[in-house]
Structures are given as structure tokens and as C-alpha cells.
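The structure appears below as C-alpha cells.
The values are calculated or read from the model by the stated rules, or taken from the named source; none is laboratory data. If you're wondering where the values come from, they're calculated on a predicted model, not measured in any experiment. Here the Cβ positions follow ideal geometry from the backbone for every residue, glycine too, while neighbour counts run over all protein chains shown. Please note that ligands, DNA and RNA were not included when accessible areas were found on the heavy atoms of the full protein model with its side chains. Shrake-Rupley method; radii C 1.70, N 1.55, O 1.52, S 1.80 Å.
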Amino acid sequence: MTPNPAPVTLSIRNLTIEYQAKRGKVQAVRQINLDVRRSEALALIGESGSGKTTIGLGIVRLLVSTAQITSGEMIFRRFDANGKVEKEFDIRKLSPEQMRSFRWKDCAMVFQAALNAFNPVLKIRDQFADTARAHGYLQGAALKKRAYELFGLVRLDPERVWNSYPHELSGGMRQRVLIALGLLLDAPMLILDEPTTALDILTQRNIMDVLKDLRDRLRFSLVFISHDLSLAAELADRIATVYAGRIVEIGNVYDTFQNPQHPYTIGLMKAVPTLTAHRDNVSSIPGSPPDLIDMPTGCKFHPRCPLAVEKCRKEEPTLVPTTSPEHLAACWRWMEAKQTLMPASAPSDSPETSRSQP
Amino acid sequence: MTQPLIELKNVSRRFQVKRNTFITAVSDVSLQIAPGEVVCLVGESGCGKTTTGKMIAGLLAPSEGQILFEGQDVTGLKGAAWERYRLGVQMVHQDPYASLNPTQTIFDILAAPLQRHRALRGADLRAGVVDVLESVDLTPAVDFLDKFPHQLSGGQRQRVSVARALTVNPKFIIADEAVSMVDVSIRISLLNTLLQLKERNGLAVLFITHDLALAKYFAWEGRVGVMYLGKLAEIAPARQLVEAPQHPYTRVLLSAIPEADPERTRHKQRIELRSMDVPSLLRLPSGCAFHPRCPFYMGDVCKTSVPALTLRGDQTWVSCHLPPSA
């Protein structure tokens, strides 16, 4: 990380989002602080139900009606060509009209199920025209020219895609069309929810390459939500681990993988078998994710944490700087975590492929 | 080799999609699985891995070829012999939210097969249910008896699925993407439970997945087969397959998988395909089905003749025209 990190595009402070359920309030996001910097790729990593998708939906304010943002602010900054702040506003304070313009122009989101995001009876060209019209953007030949450019960037055959219906395209193609659509208005920030989940390996690879390439060319900020650590390793500049509605660790991608500080991040890394890992270095995290309605006291990870002590059961830790000021973790025992839980033989410490066992 | 538990002899399966149009989901697959062996089938969606699993479980009949269970062709089996085969081969499905009856308690779900097939009643029945629950590490078992599936987490539900398969003392379990809907942090413990059961009961397991890293973990001592468009491209001992892949398709797949290590994954050498388009099963390419995409395409041989699955080295079977050294 450079000593002077890039300016912040989105600054989330103290954000809390709750869902109203029959049994009580689901605390999906709890007092989160998070900065998304200009042109960076930030990965939100966590299990299902950890609140990572809710954060994404909260940013574009597309939460279901049972959800409520109960506190916090989300300051968004748009920069001009010289990198000066052009405008600055709190997303929570936007009127519905302003919000609509914000959604595609400042921040676009690509949802998880790529088929459901399209209107099945409209051709791709009409979906583009719809979006463009709603935002007072180019129409007709000019729109087509712009769309063809974007299809080129996401490695699609424009002729074929432009006149197709969504069902005529494969999952990977639909995902790429959605990414192209997200980029239509040159939004400086793009949120992707599980961009490669449910796609085949080779299609996943293609999407990853497309995203890398797009970021090199267009320099937008990318927030992607995933449970897949290797996707984060491949694409992210920074990684935020989300657990029980909180960010429990955040740091530079290299630093996080080499020196994970939070026991949950370490647990996740050990829980996912990789091609090179030895079988003995893989292990599950005991227990299961907490019930977000009736959460444990203190640190929400303590019932599953091998390092938990009395303090962990009583007091919830907040994010504090660990090995570097840029690498934060919310754990009382982060200083011991890595050496206790990840002895030297751990997978990420052996660069060469694992030797076969006798 | 001792008699295989399951043997597939040139098995194909066609599905009718229109009046005169068929697709061949599985084409000429031969495979032997020994008692107690672990085999993983890996491939992209539509490669025929699930169809293969269903045929082995007796849920689909092969269009051509034979499936042998302990040496007996299963197609003609009737009565007691058919029942013995169906009980011997059990399946664990992908989606534990769909495969358990939501109106029955865990006790009901597990008691039914015990009553029907092991004639347990009363206290014995209860003990039997507790027993299978404990064998899949759902403890204390009594806490689960009166629960409904919706009260359990995904991982626990999938364990109930496994427990249900175990009620009839099978010799062979087919797990079709059995952990893909379970949270990443607890996948491994579920797989470990399956592996322990395999050790304890001498079960053979066919594990169907699209995740090669998971396949390597699960079949550490066993074999992994890679399927492409209905055919076995390569089958080899798991670690060998991952560390020294032979078939171009396996090599492409392995090179495409990202690693959970930024340093390594960003410098990993990739093998590019010649084409990103997956051929339709309706219009399979001639010769080797992989030839339009194969980065090592050699010309006419690949285009015109179908490569046979041949033995290379000790236990590696590959269907490719490419000489082994390349």
C-alpha cells in the first residue's frame, strides 16, 4: 500500500441495517465503517447470511421493504477529470428522484442471478434502450455504437448479443452483458454480487479476465461480494471479511493472505481446499454461523473461535490497526491468532506445489 | 483386481429433446469402481456427470451398454435381486432444502426406511434412528428427533440426507454436488464425515462435483475422472491428475482455476482455449469433441477420429491423440 492511499469515493460510517422478521429484528449490518477508494477493487468476503449482500444493496438503497437503514451515513464523492471532488453527498439523504439518477450514473450494481436481472420478453437492445432512456442518455445509433464498444470490452460478439433475448445467451454471456450494461453510463463505481458463482470454471476464468481488463482500462472502483477467497485473491486490492454484520478484518490483499489476523479469516482460508494445499492443512470452522436475530454476546465469533477467552464472551472488539495501520482487525487476540492457528506449514506459506506424500 | 462393485461397460444415455432429435448426454463411458473406493467425477455443467450418477443409482436406464453391480447386469434385475441393488446404491442429492420432506420430522424421515427395510419397531426403531444420526455427527441425537428440516441449518440438513442414505446399509453412495449448497466454512467437516463413514463401513463413494480442488481433497486416496461433453476425458489417481494432468482439457481447467493466494494466482501460467464457445450437445463436433477448443489441436486426426480411453503409465487413462510427452 502506498503511503498516500487514493482518495475515498464512498465513505460509510456507522451504517446499521435491520430486517424486520416474525421472530424479531435481524441485525444484518451492524455499525459498519468502510471506505471505498477511487479505482480500487474491494472484496467483501463472508459466508451466506453474513450481511455482505445487504451492504451492497444498502449502498444503492435497493433493500426490500422489510429492511431499514436505522443509522449511519454513506458519503459519496464524484471526482472531475483532474481528481478534484466535484460533488459530495450522503446517499441516505437523496430524494427518490436523485437516487434514481445516482443508481446508474454514479454507482451501478450487478446482481447475483444474472437471468433474473433481465426482462425476459425484451431483447438486449431494448434493455439497453430502456436504461439509456431512464437516464436521458444516448439513443438510437449512438447508443448502439456505445453498446458495441462495451460488448467489445467484455469480449462478446456485439452482432449476436444485440438482437438476442436473455434466454438465448449462456450464463457467462448474460453476466458479461450485465457488466456492460452497468458500465453504460460510465459509473465511477460498480458493485458486483457473486459475479462468478454458479458459473463453470472456464466461464469464471473468462469473467475474471474481463473484469481485470476493464479495471485496467476504465479505472472504476469495484466492490465485489463473494464467498470465494480465490476470486478475491485474483481481483481485489483490498479484502474486507464480513461476519455477523460486522467487518472483522480489512487489509491489503497480499497482506491479508500472508498475514491474516482475525481467527475467522484464518478459518476461512483453512476451510477452502486448494489445488496445491495438502489435505492435512484443510479444516472446517467448527459450529455454524450465528443466528442474526439472537446473537451471541461479546465477539460474535467467540462460540466458534479456538482462541476465545472470557473477555471475548463479554465485550465485542472493534477494528483496530494490527501489523500495519492499513490492516485492521476486530479481535482481542489478533496478536496470537496467526502463529497459533496457522503454523508455518500452512498452505499459503509453501510457494511450491505440495509434494506428494508417501 | 477383485470384482468391481460397480462396473460401467460402454454406457451411453440419450435424451429425446424433440420428435426426432436426441442428445447424447453420456457417450460410451466405461468405468470400474472397487468396493471401498472413492471416485470423483468432475466437469462443467452439461458434461453428463449427473446423468452418469443417476444411471449408476438405477434412477435412469442406460440407452446402450451395461451397468454391473457386483458382477450382475442391473438392467434385467427383478424382485429380490433388484431390491438388493437399489438398497446397495444410495444417493445424496445436491439440495438439502428440496430433498427432505418439509412436513416430516427428522425422526419420521429416518424411521421410514428403517421400518420398511430393517423391520425395526418401537424402542429398536428409536435406537436405530439415534444411531444413524450419531454416525453423521448430529449429536446429541435426541435433540434432532422432533425437529423439522426447516429448523436445521443447511449443513445439518445435508447430514440428515447422508443419514437417510445410511439407514439401509448401502455399499455405495453417490453424492451429487452434495456440499455445493453448504457454507464454505463447514463443507470440509461434512466431507470428513463422509470419509469417516467410508472408512468405518467400507463404503465406496462416487462424488460428483465441478470443483477440482474439492475433488482432490475428497479423493486424496482415490481417483478423479474428468468428463467433457458426455465422455471421460481422463481418469487418474487424484493427486496425479492435479499435479500431472495429461488431457488438454484437464490442463486447461487446472490452469483456469484461481488460487487462494494473490501472489500465486496472479502469476499462474494459463493455457488459452482456441474458442470459448461450448459446443451444443445437439451438434457435437466430429472426432474428438474437444478439438474445436483444444489448444493442442493437431489437425485431421483430432477432427476425424474419436480418441479411445487408453492407459498411460500405471493408472492414468486418457482419451487424446496427443503423444504423452507433449
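General remarks:
- When the solvent-accessible area of chain A is split by element, carbon and sulfur atoms take up 50 percent of it, the probe being 1.4 Å.
- Cα-based radius of gyration of region A:94-247 once divided by 2.2 N^0.38 Å, which approximates compact folds: 1.03
- Taking the convex hull of Cα positions in the protein assembly as shown, its mean projected area over all directions (nm²): 32.9
- Extending 7 Å from the Cα toward the beta-carbon at both B:VAL17 and A:GLU88 defines two label points whose distance is 5.7 nm.
- For region A:167-223, the alpha carbon convex hull comes to 79 Å³ per residue, rounded to a whole number.
- Extension gain for A:ASP216 to A:GLU149 (0.36 nm times residue separation, less C-alpha to C-alpha distance): 22.5 nm.
- Residue among B:THR139, B:THR21, B:THR105 with the largest mean-square fluctuation in a Gaussian network model of chain B, springs linking Cα atoms under 10 Å: B:THR21
- Computed over protein heavy atoms with a 1.4 Å probe, the accessible surface of region A:269-340 works out to 49 Å² per residue.
- Heavy-atom accessible area order for B:PHE22, B:PHE207, largest first, 1.4 Å probe: B:PHE22, B:PHE207
- Value in Å of the Kirkwood radius, where region B:192-326 supplies the Cα pairs that are averaged: 16.3
- Rounded to 5, the percent of DSSP beta bridges in region B:131-263 classed as antiparallel: 55
- Members of region B:197-221 that become less accessible by 10 Å² or more once partner protein chains are added (1.4 angstrom probe, chain alone as reference): B:HIS210, B:ALA213, B:LEU214, B:LYS216, B:TYR217, B:TRP220, B:GLU221
- Cα convex hull volume per residue for region B:175-242 (Å³): 87
- Global geometry of region B:26-98, whether rounded, prolate or oblate, following the gyration tensor of its Cα atoms and the 1.5 cut on a/c: prolate
- Its residues counted as N, region B:1-126 yields a C-alpha radius of gyration over 2.2 N^0.38 Å of 1.25.
- Note that region B:1-68 presents 44 Å² accessible area per residue, ligands and nucleic acids not counted, probe 1.4 Å.
- Pair-distance profile P(r), taking every C-alpha pair of chain B, with 20 angstrom steps and integer %: 30, 55, 15, 0
- Region A:18-162 - accessible surface per residue (Å², probe 1.4 Å): 50
- Rounded to the nearest 0.05, the FRET efficiency derived from the C-beta distance between B:ASN169 and B:ASP73 at R0 = 30 Å is 0.85.
- Shown here is the pair-distance distribution of region A:1-55: with all Cα-Cα distances grouped in 5 Å bins from zero up to the longest one, the shares run 5, 16, 21, 22, 15, 10, 6, 3, 2, 0 percent.
- Relative to the longest principal axis of the Cα atoms of chain B, helix B:122-135 runs at roughly 40 degrees.
- Buried accessible surface for the B/A pair, both sides summed and rounded to the nearest 100, is 3900 Å² with a 1.4 Å probe.
- Within chain A, longest stretch clear of exposed GluC sites (Glu not before Pro) (DSSP loop, no more than 13 other Cβ within 10 Å): A:1-314
- For region B:94-218, convex hull of alpha carbons as volume per residue, Å³: 99
- Across all Cα pairs in region A:226-268, the calculated P(r) in 10 Å bins from zero up to the longest distance comes to 30, 63, 6 percent per bin.
- With 50 Å² as the minimum drop in accessible area between chain alone and full protein complex (1.4 Å probe), the qualifying residues in region A:244-262 are A:TYR254.
- Those lysines that a straight Cα-Cα span of less than 20 Å connects to A:LYS314, excepting residues fewer than 8 apart in one chain: A:LYS300
- Straight-line cross-link reach from A:LYS144 at under 16 Å between alpha-carbon atoms covers these lysines, not counting any fewer than eight positions away in the same chain: A:LYS123.
- Cα shape, region A:8-133, gyration tensor, a/c 1.5 rule: oblate
- Expressed as a whole percent, the accessible surface of region B:1-43 that belongs to carbon and sulfur atoms is 46, based on a 1.4 Å probe.
- Model label sites at A:ASP157 and B:GLU272, defined 7 Å from Cα along the beta-carbon direction, differ in position by 1.8 nm.
- Just so you know, the Rg over Rh for chain A is 0.98, from Cα atoms, with Rh as the Kirkwood radius.
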